[in-house]
Structures are given as structure tokens and as C-alpha cells.
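**Student:** Can you keep this structure in mind? I'll have questions shortly.
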Amino acid sequence: MEVIKAPRGTRDILGSESWKWAYVSSICREVADDFGYKEVHLPIFEHTELFSRGVGETTDIVEKEMYTFEDRGGRSIALRPEMTASMMRSYLENEMRSANQPVKLWGIGPMFRYERPQKGRYRQFQQMDIEAIGAQDAFVDLEVINFSMELYRRLGLSNLQVLINSVGCPKCRPNYRKKLQDFLKPEHDKLCDSCKNRFDRNPLRTLDCKRPVCKEITANAPSIMECLCDECKEHFDKLMLGLNRIGAVVKHDKRLVRGLDYYTKTAFEILSGDLGSQNAVCGGGRYDNLSEAIGGPHVPSVGFAAGIERIVLTMEAQGCSFGKEPSNKVYVVAAEPCVRIDTMDLVRKLRMNGISADMDYMDRSMKSQMKSAGNMAQYACIIGSEELAKGIITVKNMSESTQEELTIEQLISKLK
Ligand code: HAM
């Protein structure tokens, strides 16, 4: 019988990597605290309808990538492909409208999308997500973009490009859709199958297609900026003014459209120059009509989500620091089998004092215990019947090969 493997597109994050994730999460938390965002833990599965109505029926996420199943009660359930719709659901369900607006929430956790796996793209991946719910002001968009830039600054990332655009609103986007369709119509037959498919339903996505033919066709497509209504234009100008004021280097990418239908006005993405084709380290924007799409009142909002795997990959590629990898300070070595019970007690006392310590549980020789100490710890603390009689411990610094005899009190105060 073959040994069962993990499903395609999933990864085991092992000890050699998980401490890096813990570091990134701790910086996310720090920045969230400084920006006044409160952490929430939301369900990993939701009613499928939340995403089909929230994210949009015509998006790749809903059409092709969602993990959907019927539960034992006959309900259609989906593993969350993203967190924004859940955040809005939670805001509405928990009556956060009566709190001070905007309500600022953040969360971190796994998302699920049935995509073609490759480096930086997985079927289960981790997102850090922030949402500022309930305010229309373009300066909230500015805060959200500033949050992402501050996060990457604190993580030590460089070689990033911030792309920004406006995708308009239900008032002005239909004019642009029409203009774009008129432009694309003569070339319709040359478009790739997915662009042909979404020509009627979602033609803006053509601008985002990576296929060379579609890129060539859309190279001179009209810009959405020409079609924005006064409100969207003013919003965009105010945001750009703010970005300029805080000295943010951003590129206005007139072709930037996002893969989720809920966006209105601001859309942005941050790309890493050190990743391959899956180079977006975060994406976000404003979504003023998501609440209505899932049955709520008008709640203008903005947010972004960052992929933790891609952040870690970029940090590794750029040699950024992840802080200090946790390791054992002490490995307690039993010089004779009869003192193993004493080594156990010493390990316990060290741990109680916040000193990381370990020992052998395999009844190995002193020589191989010393080898483990060399591999795993900074100090070997050796106990034998001689040490026990004298009330001391032989403490060997493994990197400097120095040795001293200390009482347990002296050992604790030295290592604490
Ligand atoms: P998104 O652009 O679909 O936006 O995803 C955000 C980020 O998640 C991406 O930039 C990327 O870093 C990471 N990501 C997405 N898919 C994968 C994958 N298959 N494997 C690894 N990483 C991935 C959203 O999800 C929106 N909810 C963002 C948002 C929040 N908009 C407003 N608020």
C-alpha cells in the first residue's frame, strides 16, 4: 500500500520554516496594533452564497476555484477563498454599525482556491487581511495602502512596486465597459477562450489577461480614467494627493483591474521584483457595494490581503532577517544511566525558569548525548554521580569548548 501524501497544492510548514511565519505574523500584529486594527477569528467555511454573491458569480474564484460541498444538513458550504466577504458578514451580523466608524478589523489564516499550483501559488495558502469598514473618505484608502507599505518596511522588504488604479463605480463603469467592448469587438475572434467567454459578462478582466495575444490586443485599449464620474475622479485625486504627501512611490497602472467583482474606485497591488510570475505580495481596494450584495445596507469599505508564503519567499530571496531562530539553550547529558531521573528534574527546573532545555529519551551513550548537545544546544549540562555528590553541574559551552562547574542556582542566573 502506498503511503498517503498531502493533497496537491498544499504544503507542510515544518519547524525549519514555521518560525519564519511566526516572525511575519508577529510583525503583522505589531503594525495592526499601531494602526488601531482589532484581530478577529472568523470561520474557515461559510455559506457558498456569501462568496457567490459577494465575490461575484463571474469571477474565476467563484466559477472555477472554490472548494464547495454539501454538508450533512444539505447546506452548500464553501471553504473560504478570501476573507473580505466574511469580514463584511461578521460586521453586519455582529451589528458593528453601531460602533465608531470605520470599524477596523484584521485577521490571519488559511484560504482555499483550486488553482494550478506553482511556486508562490497554492491551493491552501495563508493570508493576512485588513479591512476598514464603514467610511467613504479617500484618506481611509490612504491609510490601508500606507499600512501595507509600513508592513513591508518593517519586514525589511525592498524592490517592491505599488500599482494603483480606479475601477470606477456602478454609475460610471458601464460606460467604460461599453467603450472597451467597442474597442475589443473587431479583435474578438483573436482573444483567448477565457477572454471570449467573459467578453459580455466581465470585459474588464481582458486587461488583466497574461496571454500575449490578449496583451497585444489590449495594449492601446481606452483608459478607464476617461470614463470616471466626478465622484470617482475626486476620490482618486484625493488619494493620489495623500500618497504624494506621505512620500509614497506608487505607479498609476491604468490597466490594473482586480479578479474580484466587489471593487469600486480604488484598486491596488504590490508586486515583488524577486518572485516569478506569482509576484503579487498583496492586493486590495475599496468595495462600497459588497454589503448590499450580501443583503446589508450601504457600507463603504476598503482593505487588502497579503500572502504570507509570498512574503516569506521574497524575504528569503532578499536575505531579510526573521529575527532569531528558536533553539535550545541547554541539553542536559546523563553521564551514567542511573542519573537519568536527575537530568529530567534539572530539565524541568530550567524550563520553569524560562530556559529552553532538552535531554535524551533514547537511553543513548554519553558520547552520543554530547553529539546531540553539539547539534541542538548552546550548552551541555552534564550530571553524573560525582556531580550529584558535590551538588554541582558541569556546564560546557559547545561553541567555545569552555567548561565550568556551577550550582543549579548559578546555572539559572547565568542563563536567564
Ligand atoms: P487577492 O488578490 O485575491 O485579494 O489575494 C491577496 C493576496 O493573497 C495576493 O496578492 C497573494 O499575495 C495572495 N494569494 C492569492 N492567491 C494565492 C495562492 N493561490 N497562493 C498563494 N498566495 C495567494 C483578496 O483575496 C482580497 N480579499 C483582498 C482584499 C481585502 N480586498 C479588499 N480587502
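The values are calculated or read from the model by the stated rules, or taken from the named source; none is laboratory data. Please read all numbers here as calculations on a predicted model, not as lab measurements. Methodologically, a virtual Cβ is constructed for each residue, glycine included, from the backbone with ideal geometry; neighbour enumeration extends over all protein chains shown. For accessibility, only protein heavy atoms count, side chains too; no ligands or nucleic acids. Shrake-Rupley method; radii C 1.70, N 1.55, O 1.52, S 1.80 Å.
**Student:** I want to confirm something. Restricting to the range 100-116 and keeping residues that are in a loop (DSSP other than H, G, I, E, B) and surrounded by 14 or more Cβ atoms within 10 Å (Cβ to Cβ), which single residue is farthest from the ligand (Cβ to nearest atom)? Talk me through it step by step, then tell me what you get.
**Tutor:** In the first step, residues of the range 100-116 are kept if they are in a loop (DSSP other than H, G, I, E, B); the result is 100-102, 113-116.
So of that shortlist, the ones also surrounded by 14 or more Cβ atoms within 10 Å (Cβ to Cβ) come out as 101-102, 113-115.
On the way: GLN101: 17, PRO102: 13, ARG113: 5, TYR114: 9, GLU115: 5 Å.
Among those that are in a loop (DSSP other than H, G, I, E, B) and surrounded by 14 or more Cβ atoms within 10 Å (Cβ to Cβ), it is GLN101.
**Student:** Right, another one. Only one of THR59, THR68, THR10, THR84 is in the same structural domain as GLY284 (by TED's automatic domain parsing), over 30 Å from ASP141 (Cβ atoms) and in contact (Cβ under 8 Å) with a residue 12 or more places away in the chain; which?
**Tutor:** Working: THR59 fails: over 30 Å from ASP141 (Cβ atoms); THR10 fails: in the same structural domain as GLY284 (by TED's automatic domain parsing); THR84 fails: over 30 Å from ASP141 (Cβ atoms).
Result: THR68 is the single residue among THR59, THR68, THR10, THR84 that is in the same structural domain as GLY284 (by TED's automatic domain parsing), over 30 Å from ASP141 (Cβ atoms) and in contact (Cβ under 8 Å) with a residue 12 or more places away in the chain.
**Student:** State whether one or more residues within the range 189-211 are touching a Pro at 6+ places or on another chain (Cβ under 9 Å) and buried (at least 16 other Cβ atoms within 10 Å of the Cβ).
**Tutor:** Of the range 189-211, the ones touching a Pro at 6+ places or on another chain (Cβ under 9 Å) are 195.
Checking the rest, the ones that are also buried (at least 16 other Cβ atoms within 10 Å of the Cβ) come to 195.
Within the range 189-211, one or more residues are touching a Pro at 6+ places or on another chain (Cβ under 9 Å) and buried (at least 16 other Cβ atoms within 10 Å of the Cβ).
**Student:** Between a first residue in the range 306-335 that is in the same structural domain as ILE393 (by TED's automatic domain parsing) and a second residue that is of a type in the set (Lys, Arg), which pairs have beta carbons less than 7 Å apart while being 6 or more apart in sequence or on different chains?
**Tutor:** Listed by first residue and then by second, the contacts come to ALA334/ARG340.
**Student:** State yes or no: is ARG245 away from the ligand (no atom under 13 Å from the Cβ) and out of contact with any Ser or Thr (no Cβ under 7 Å at 6 or more places or on another chain)?
**Tutor:** Considered against the rule, which asks whether it is away from the ligand (no atom under 13 Å from the Cβ) and out of contact with any Ser or Thr (no Cβ under 7 Å at 6 or more places or on another chain), ARG245 comes out as yes.
**Student:** Taking the stated definitions as given, is GLU49 touching a residue at least 24 places away in the same chain (Cβ under 8 Å), more than 16 Å from the ligand (Cβ to nearest atom) and open to solvent by 60 Å² or more (accessible area, probe 1.4 Å)?
**Tutor:** Details: touching a residue at least 24 places away in the same chain (Cβ under 8 Å): yes; more than 16 Å from the ligand (Cβ to nearest atom): yes; open to solvent by 60 Å² or more (accessible area, probe 1.4 Å): yes.
For GLU49, the condition - touching a residue at least 24 places away in the same chain (Cβ under 8 Å), more than 16 Å from the ligand (Cβ to nearest atom) and open to solvent by 60 Å² or more (accessible area, probe 1.4 Å) - is met.
**Student:** Okay, moving on. All but one of (1) touching a Pro at 6+ places or on another chain (Cβ under 6 Å); (2) at pLDDT below 95 hold for MET66; state the number of the condition that does not hold.
**Tutor:** Of (1) touching a Pro at 6+ places or on another chain (Cβ under 6 Å); (2) at pLDDT below 95, only one is false for MET66: (2).
**Student:** Further question on the same structure: Can you pull out the residues in the range 255-270 that are within 9 Å of the ligand (Cβ to nearest atom) and open to solvent by 10 Å² or more (accessible area, probe 1.4 Å)?
**Tutor:** Those that are within 9 Å of the ligand (Cβ to nearest atom) and open to solvent by 10 Å² or more (accessible area, probe 1.4 Å): ARG258, GLY259, LEU260, TYR262, TYR263, GLU269.
**Student:** I'm told LYS185 meets every condition in (1) assigned to a strand (DSSP E or B); (2) outside the structural domain of THR264 (by TED's automatic domain parsing) except one. Can you identify the failing condition by its number?
**Tutor:** Going through the list (1) assigned to a strand (DSSP E or B); (2) outside the structural domain of THR264 (by TED's automatic domain parsing), LYS185 breaks only (1).
**Student:** What are the residues in the range 235-254 that are part of a loop (DSSP other than H, G, I, E, B), open to solvent by less than 70 Å² (accessible area, probe 1.4 Å) and within 17 Å of VAL302 (Cβ to Cβ), if any? First the steps, then the outcome.
**Tutor:** So in the range 235-254, the residues part of a loop (DSSP other than H, G, I, E, B) come out as 246-249, 253-254.
Adding the requirement that they be open to solvent by less than 70 Å² (accessible area, probe 1.4 Å) leaves 247-248, 253.
Of everything in the range 235-254, just one residue is part of a loop (DSSP other than H, G, I, E, B), open to solvent by less than 70 Å² (accessible area, probe 1.4 Å) and within 17 Å of VAL302 (Cβ to Cβ), namely ALA248.
**Student:** Still on this structure: Within the range 281-365, which helices (runs of 4 or more DSSP H) (wholly inside it) include 2 or more residues that are surrounded by fewer than 18 Cβ atoms within 10 Å (Cβ to Cβ)?
**Tutor:** In the range 281-365, the matching helices (runs of 4 or more DSSP H) lie at 308-317, 340-352.
Every residue, every condition in (1) modelled with pLDDT under 95; (2) hydroxyl-bearing (Ser, Thr, Tyr); (3) out of contact with any strand residue (DSSP E or B) (no Cβ under 7 Å at 6 or more places or on another chain); (4) within 30 Å of GLY273 (Cα to Cα), yes or no:
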| position | (1), (2), (3), (4) |
| --- | --- |
| ILE164 | no, no, no, yes |
| GLY168 | no, no, yes, yes |
| LYS171 | no, no, yes, no |
| LEU191 | yes, no, yes, yes |
| SER194 | yes, yes, yes, yes |
| CYS214 | yes, no, yes, yes |
| PHE236 | no, no, no, yes |
